[in-house]
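Before any comments, here is the structure.
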Amino acid sequence: MRLSLRCSWIALLALAALPLQAATLLVNAHIHTMDPAQPEATALAWGSDGRLLAVGEVSDLQQRYPDAGKVDAKGATVIPGLIDAHGHMLGLGVTHIQVDLVGTSSKAQILDRLKAFATNLPKDAWLVGRGWDQNHWAGKQFPTAADLDALFPDRPVYLERIDGHAVWVNSAAMKLATKSLDGDWQPEGGRILRVGQKASGVLVDGAQHLVGDAMPRLTHEQTRDAYKAAFADAVAAGLTGVHDPGVSLDDFKVLQEMAAAHEIPLRLYEMADGNHAALDWLCTQGGHWADAGGRLQMRTVKLYMDGALGSRGAALLADYNDDHGNRGILVTSPDAYRSAVDKAHRCHVQVATHAIGDRGNRMVLDTYQAVLGDDAKSDHRWRVEHAQIVALDDIPRFAQLRLIASMQPTHATSDMPWAEQRLGAERLKGAYAWQRFIHDNVPLAFGSDFPVEHVNPMLGIYAAVTRQDLKGQPPAGWLPDQRVSRLQALAGFTRGAAYASYMENEVGMLKPGMRADFVLLDGDPLTVVPRQIADLKPLSTWVDGKAVYQAEKTNAAQ
């Protein structure tokens, strides 16, 4: 199935066809460079190699480069290219060929969307979707297969929860499972929800593959199309880079083909999908591979410790406040996890581990400390992805071990309606605790976790600054002492994300010698009223000094 791309590639091709200049100037701009040595400017100059030659005032740069081509920003705000430190590119692309369930508020609404989508599916095709969240429904109870069976008695249905850590399936799908889902057994690292001994239709974390493995795989062409759609979404949102956690070796080979064909318009920082073939291959590369064009690299492995809070799979030190006896799920056994971290360390591969609950985070910290030993003092830049619920006495350990907290601000505003029900008030002190990490000098890299959250980084900046939803609730912000400043929020999506990928000398700031990656915005995120931050739109997105996205109507002209 071919995917519909929303970006106007005709406009981009026209820009790309312009003759190369010895230098190009961006003029009449209000530039936030994120360079502490020179925070503000009105003009940029870059060479044909896509690197910045100078950053300063229009009059000075025009004198220095009198023959340069010009791009008139017409007063637009310019910031460094935004980098999402945790976003799933293939997952984002695949949303274009699935049922979108994001924002649904009832099972009935979901069934209506499924019924409409299924009318255009071949008779034998699976019905696949993503985005349901029982926390938005009356009663907040998990759904069952029976909810789907009346409409779809024969067609397999496979619906991912919004966080990707649970699936809702019908009876036709369960019949295709790799083994019976009934009984009293549980898979390692997962949970089959049951009524008595009969599977109810919801599979959590490590149980998902029992049905998922029976689904047809994406073809090579579908994978390419999905990536192209994701690229278009990302650059239209102002992203010039994405850290992509958990890519298989087969999918990475597709990306290598696309990089060789110059089909990747932004910088992808790929992470191998656990202790599997991609990590084995990365070890044969000395722990780091990068394409010559600077658009694709891999030097990291993404591992899992626990599940997610919304599906009660996050591993907690004490019982869930709303599910006594449940302390979550260890998606990877401690022995298998230690083995994978040891292997990555031997191969000089950066480790990034998903950890959401306080027990999950502590186990990651303990393992990192044991494996790194004296190397904890080195420039290893190991990461904890999410670091969502952390015991207060564990937060300083991030700095002691020289770790990076890779966090997603919109998770806080999405989870705030029900997080206290899960955790109780006391554990919230270490929840989404951005300022506590900053206070302890822990580097922060901000992202979205798309497609769990929206790809738009402005929503993340708004959430980080306000800790409010788009209706401005709660009025003072949720746990407001953990709000960050606008500059800190912007740094998380620029300098912080660049540092987390060893690219702080390449991207994340606008200064001479660095890549000419920048975004023109229709307003200033550092000065507009807070609610308007979420509504800011890119006018154009530039990578290596070339426009990779141009809004249909823009104030900036070549």
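The values are calculated or read from the model by the stated rules, or taken from the named source; none is laboratory data. Quick caveat: nothing in here was measured; it's all calculated off a predicted structure. Glycine gets a Cβ as well: all are built from the backbone with ideal geometry, and neighbour counts include every protein chain shown. Just so you know, the surface numbers come from the protein's heavy atoms only, side chains and all, with ligands and any DNA or RNA stripped out. Shrake-Rupley method; radii C 1.70, N 1.55, O 1.52, S 1.80 Å.
Please enumerate the residues belonging to the range 321-330 that are within 16 Å of residue 186 (Cβ to Cβ) and either open to solvent by 40 Å² or more (accessible area, probe 1.4 Å) or acidic (Asp, Glu) (or both). Please lay out each step first, then the result.
Keep residues of the range 321-330 that are within 16 Å of residue 186 (Cβ to Cβ), which gives 323, 325-330.
323, 325, 327, 330 - these are the residues of the range 321-330 that are within 16 Å of residue 186 (Cβ to Cβ) and either open to solvent by 40 Å² or more (accessible area, probe 1.4 Å) or acidic (Asp, Glu) (or both).
Matching residues to (1) surrounded by fewer than 22 Cβ atoms within 10 Å (Cβ to Cβ); (2) within 13 Å of residue 444 (Cα to Cα):
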site: 456; (1), (2): no, no
site: 460; (1), (2): no, no
site: 465; (1), (2): no, no
site: 473; (1), (2): yes, no
site: 478; (1), (2): no, no
site: 488; (1), (2): yes, yes
site: 493; (1), (2): no, yes
site: 496; (1), (2): no, yes
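Which condition from (1) over 19 Å from residue 95 (Cβ atoms); (2) open to solvent by less than 40 Å² (accessible area, probe 1.4 Å); (3) not hydroxyl-bearing (Ser, Thr, Tyr) is the one that residue 208 breaks?
Going through (1) over 19 Å from residue 95 (Cβ atoms); (2) open to solvent by less than 40 Å² (accessible area, probe 1.4 Å); (3) not hydroxyl-bearing (Ser, Thr, Tyr) one by one, residue 208 breaks only (1).
Among the residues of the range 145-157, how many are closer than 12 Å to residue 199 by Cα and crowded, with 19+ Cβ neighbours inside 10 Å? Reasoning before the result, please.
Restricting attention to the range 145-157, the residues satisfying the condition of being closer than 12 Å to residue 199 by Cα are 145-146.
Next, only the ones that are crowded, with 19+ Cβ neighbours inside 10 Å stay: 145.
The total comes to 1.
Working carefully through the options 503, 458, 514, find the one that is out of contact with any Lys or Arg (no Cβ under 6 Å at 6 or more places or on another chain), aliphatic (A, V, I, L, M) and closer than 24 Å to residue 353 by Cα.
Going through 503, 458, 514 in turn, just one is out of contact with any Lys or Arg (no Cβ under 6 Å at 6 or more places or on another chain), aliphatic (A, V, I, L, M) and closer than 24 Å to residue 353 by Cα: 503.
Could you pull out the residue among 452, 364 that is assigned to a helix (DSSP H, G or I), in contact with a helix residue (DSSP H, G or I) (Cβ under 9 Å, 6 or more places away or on another chain) and crowded, with 24+ Cβ neighbours inside 10 Å?
Only one candidate passes the filter, namely 364.
Provide a single number: the residues in the range 348-379 that are under 20 Å from residue 244 (Cα atoms) and more than 22 Å from the chain's Cα centre (by Cα).
Residues meeting the conditions: 1.
Scan the range 319-359 for residues that are in a loop (DSSP other than H, G, I, E, B) and of a type in the set (Ser, Thr, Tyr) and jot them down.
Those that are in a loop (DSSP other than H, G, I, E, B) and of a type in the set (Ser, Thr, Tyr): 332, 333.
Condition first: open to solvent by 20 Å² or more (accessible area, probe 1.4 Å) and of a type in the set (A, V, I, L, M). Now tell me which residues in the range 331-361 satisfy that.
Those that are open to solvent by 20 Å² or more (accessible area, probe 1.4 Å) and of a type in the set (A, V, I, L, M): 331, 336.
Taking the condition of being among the β-branched types (Val, Ile, Thr), within 18 Å of residue 315 (Cα to Cα) and surrounded by fewer than 22 Cβ atoms within 10 Å (Cβ to Cβ), how many residues in the range 368-420 meet it?
Qualifying residue count for the region: 1.
For the range 286-298, give me each residue that is touching a residue at least 12 places away in the same chain (Cβ under 8 Å), surrounded by fewer than 24 Cβ atoms within 10 Å (Cβ to Cβ) and of a type outside the set (Asp, Glu).
286, 287, 288, 293, 294, 295, 296, 297
Can you say whether residue 160 is in a strand (DSSP E or B) and open to solvent by 10 Å² or more (accessible area, probe 1.4 Å), as far as the supplied structure shows?
Numbers: in a strand (DSSP E or B): yes; open to solvent by 10 Å² or more (accessible area, probe 1.4 Å): yes.
In short, yes.
Could you pull out the residue among 122, 153 that is over 18 Å from residue 103 (Cβ atoms) and out of contact with any helix residue (DSSP H, G or I) (no Cβ under 8 Å at 6 or more places or on another chain)? Steps first, answer last, please.
Details: 153 fails: out of contact with any helix residue (DSSP H, G or I) (no Cβ under 8 Å at 6 or more places or on another chain).
Exactly one residue qualifies, and that residue is 122.
Among the residues that make up the range 263-277, is at least one of them closer than 21 Å to residue 385 by Cα, among the hydrophobic types (A, V, I, L, M, F, W, C), open to solvent by less than 10 Å² (accessible area, probe 1.4 Å) and in contact with a Leu (Cβ under 8 Å, 6 or more places away or on another chain)?
yes
List every residue pair whose Cβ atoms lie under 8 Å apart, where the two residues are 6 or more positions apart in sequence or sit on different chains, the first residue falls within the range 130-148 and is farther than 13 Å from residue 105 by Cβ and at pLDDT 90 or above, and the second residue, located anywhere, is basic (Lys, Arg) and open to solvent by 50 Å² or more (accessible area, probe 1.4 Å).
143/107; 147/107
Spot the failing condition for residue 217; the list is (1) open to solvent by less than 50 Å² (accessible area, probe 1.4 Å); (2) basic (Lys, Arg); (3) not in a helix (DSSP H, G or I), and only one is missed.
Going through the list (1) open to solvent by less than 50 Å² (accessible area, probe 1.4 Å); (2) basic (Lys, Arg); (3) not in a helix (DSSP H, G or I), residue 217 breaks only (1).
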